[in-house]
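Just below is one structure, and these are the notes that go with it.
The values are calculated or read from the model by the stated rules, or taken from the named source; none is laboratory data. Keep in mind it's a predicted model, so treat the numbers as computed, not measured. Neighbour counts are summed over all protein chains in view; Cβ atoms, including those assigned to glycine, are modelled from backbone coordinates with ideal geometry.
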Amino acid sequence: MTDRSLPPGLHRDTLAVRAALERSQYGENSEALFLTSSFVQPDAETSARRFAGTEDGFTYTRTSNPTVASFERRLAALEGTEAAIGAASGMGAILMMCMGLLKAGDHVVCSRSVFGSTLNLIGREFGKFGVETTFVSQTDVAEWKAAIKPNTKLLFAETPTNPLTDVCDIRALAHLAHGAGALLAVDNCFCSPALQRPTEFGADLVIHSGTKYLEGQGRVLAGAICGSQKLIDVFATVVRTAGMALSPFNAWVVLKGLETLGIRMQAHCAGGLALAQWLEAQPGVKRVYYPGLDSHPQHELAMRQQSGQGGAVVSFDVPGDTPEAARANAFHVIDSTRVLSITANLGDTKTTITHPATTSHGRLTEEQRQAAGIGQGLIRVAVGLDHIDDIRADLSRGLDTLRH
Ligand SMILES: *Cc1c(COP(=O)(O)O)cnc(C)c1O
């Protein structure tokens with residue numbers, strides 16, 4: 001028999017379509033979907049060894065499943081980590097990480113600008129179990145440093161952030177974490193491994209909402225953690241016990257999504273940059289937030305960390321003398337669109353438009369929103385694969401008829 005195992009040193013594009021478990025005895029070219037909750041054991045002795053973990057083999061899908069394992073292997077190959085583990089959603093992945101790493105009396109330092117549910121999960125829910133969290137500025141490394149205590153176990157960041165696209169310095173935060181004997185976890189949802197691989201800059205763990213770009217077509221929820229085999233083994237115990245397991249069906253959809261991730265991200269980024277540049281030239285636009293623009297405060301850092309790409313999330317402010325006037329203008333732009341989807345999701349082929357102040361950040365007080373820089377005139381567009389001319393025309397309808 002000739003050796004048909006994948007040779008070492010393959011490019012990321014190849015791994016995106018090839019990395020997976022071995023084919024089944026049927027020789028399928030597209031990876032199979034093993035939609036089964038349990039696995040039949042050949043005999044009682046083998047069953048005992050597999051349940052004891054002394055022999056490899058599938059037993060029950062809460063513990064592991066071949067389709068989920070293929071997704072994990074492919075994602076780990078793209079992130080360049082030893083291992084990965086799937087979760088039912090991005091939030092399920094963060095829950096799994098916190099359960100695996102933290103106990104009462106531990107301390108976490110977390111960016112103030114992370115995803116809203118992440119803020120609530122780490123700050124409020126884990127607060128109930130005696131885990132203390134200090135929230136700090138996304139971009140001020142000195143603030144992170146000052147927040148570290150002897151019991152700090154975890155630093156958690158997300159870059160770029162939603163919706164203002166602030167970029168943090170992964171290498172600097174990894175250095176701080178390791179100096180304190182803590183781990184750095186980075187939510188890589190906005191860039192995906194096609195653009196940014198946080199462990200290359202020293203991060204220990206990478207968090208994914210597979211719901212976004214990894215899947216790419218807005219169909220299913222999924223999540224994952226990538227990292228060393230040793231850390232992933234800790235999380236495997238958590239998922240087996242706590243049950244935030246990734247469904248094989250969803251794993252299969254995201255596994256197939258990973259095959260086109262590279263070319264989709266190129267197209268998403270080209271659209272994002274073109275839209276950001278055009279918005280900057282519009283008289284109806286006050287300010288544009290996009291890491292690919294020279295005007296972005298962390299432009300150079302973003303280009304270094306993100307393979308020279310800005311991503312596909314573009315936010316901008318429309319004017320208004322009062323918060324009410326700014327909100328009326330933002331609603332006018334959103335409601336004048338006829339093509340873009342008015343929805344808070346992102347990472348979809350369909351371009352989406354949203355008003356952060358009344359959706360993702362709607363439950364904050366106006367004061368908290370001001371502090372976070374989320375004004376009533378702010379609009380977020382996540383550029384999909386619609387033609388850029390149609391996106392611009394759709395936004396022009398409202399921008400050209402604003403009341404200044
Ligand atoms: C959507 C999102 C999450 C949560 O992912 P789900 O799959 O919706 O649970 C976490 N972090 C970021 C940055 C996100 O955009």
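Taking the criterion of being among the small types (G, A, S), surrounded by fewer than 20 Cβ atoms within 10 Å (Cβ to Cβ) and touching a strand residue (DSSP E or B) at 6+ places or on another chain (Cβ under 6 Å), would at least one residue in segment 307-318 satisfy it?
Going residue by residue through segment 307-318, those that are among the small types (G, A, S) are 307-308, 310-312, 315.
Narrowing the set further to residues that are surrounded by fewer than 20 Cβ atoms within 10 Å (Cβ to Cβ) leaves 307-308.
Applying the additional criterion that residues be touching a strand residue (DSSP E or B) at 6+ places or on another chain (Cβ under 6 Å) yields none.
No, there is no match, as no residue in segment 307-318 is among the small types (G, A, S), surrounded by fewer than 20 Cβ atoms within 10 Å (Cβ to Cβ) and touching a strand residue (DSSP E or B) at 6+ places or on another chain (Cβ under 6 Å).
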Hey, could you check segment 340-365 for residues that are surrounded by 20 or more Cβ atoms within 10 Å (Cβ to Cβ) and either part of a helix (DSSP H, G or I) or at pLDDT below 90 (or both) and say which is farthest from the ligand (Cβ to nearest atom)? A357
Quick check: anything in segment 117-133 of a type in the set (V, I, T) and within 13 Å of the ligand (Cβ to nearest atom)? yes
Tell me the residue from A274, A251, A302, A245 that is surrounded by fewer than 20 Cβ atoms within 10 Å (Cβ to Cβ) and of a type in the set (A, V, I, L, M), please. A274
Entirely in segment 1-89, the helices (runs of 4 or more DSSP H) that have 2 or more residues that are in contact (Cβ under 8 Å) with a residue 24 or more places away in the chain: 12-18, 66-79
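Conditions tested, residue by residue: (1) at pLDDT 95 or above; (2) among the aliphatic types (A, V, I, L, M); (3) under 18 Å from the mean Cα position of the chain (by Cα).
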residue	(1), (2), (3)
V239	yes, yes, no
E259	yes, no, yes
H268	yes, no, yes
W278	yes, no, no
Q282	yes, no, no
Y290	yes, no, yes
G310	yes, no, yes
V314	yes, yes, yes
P319	yes, no, no
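What strands (runs of 3 or more DSSP E) lie completely within segment 184-302 and have 2 or more residues being touching a strand residue (DSSP E or B) at 6+ places or on another chain (Cβ under 6 Å) and within 16 Å of the ligand (Cβ to nearest atom)?
Correct list: 205-209, 223-227.
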In this structure, is A372 within 16 Å of the ligand (Cβ to nearest atom), at pLDDT 95 or above and not assigned by TED's automatic domain parsing to the domain that holds D187? no
If you go through segment 139-167, how many residues are buried (at least 23 other Cβ atoms within 10 Å of the Cβ), assigned to a loop (DSSP other than H, G, I, E, B) and without any contact (Cβ under 8 Å) to a residue 60 or more places away in the chain? 1
Cβ pairs under 6 Å, 6+ apart or interchain, first in segment 112-130 and assigned by TED's automatic domain parsing to the domain that holds E158 and β-branched (V, I, T), second within 11 Å of the ligand (Cβ to nearest atom) and in a helix (DSSP H, G or I), ordered by first then second residue, are T118/I94
Residue hits (segment 303-316; outside any loop (DSSP other than H, G, I, E, B) and touching a Phe, Trp or Tyr at 6+ places or on another chain (Cβ under 8 Å)) are Q305, V313, V314, S315, F316
Can we say T63 is polar (S, T, N, Q), within 16 Å of the ligand (Cβ to nearest atom) and either touching an Asp or Glu at 6+ places or on another chain (Cβ under 9 Å) or in the same structural domain as L155 (by TED's automatic domain parsing) (or both)? no
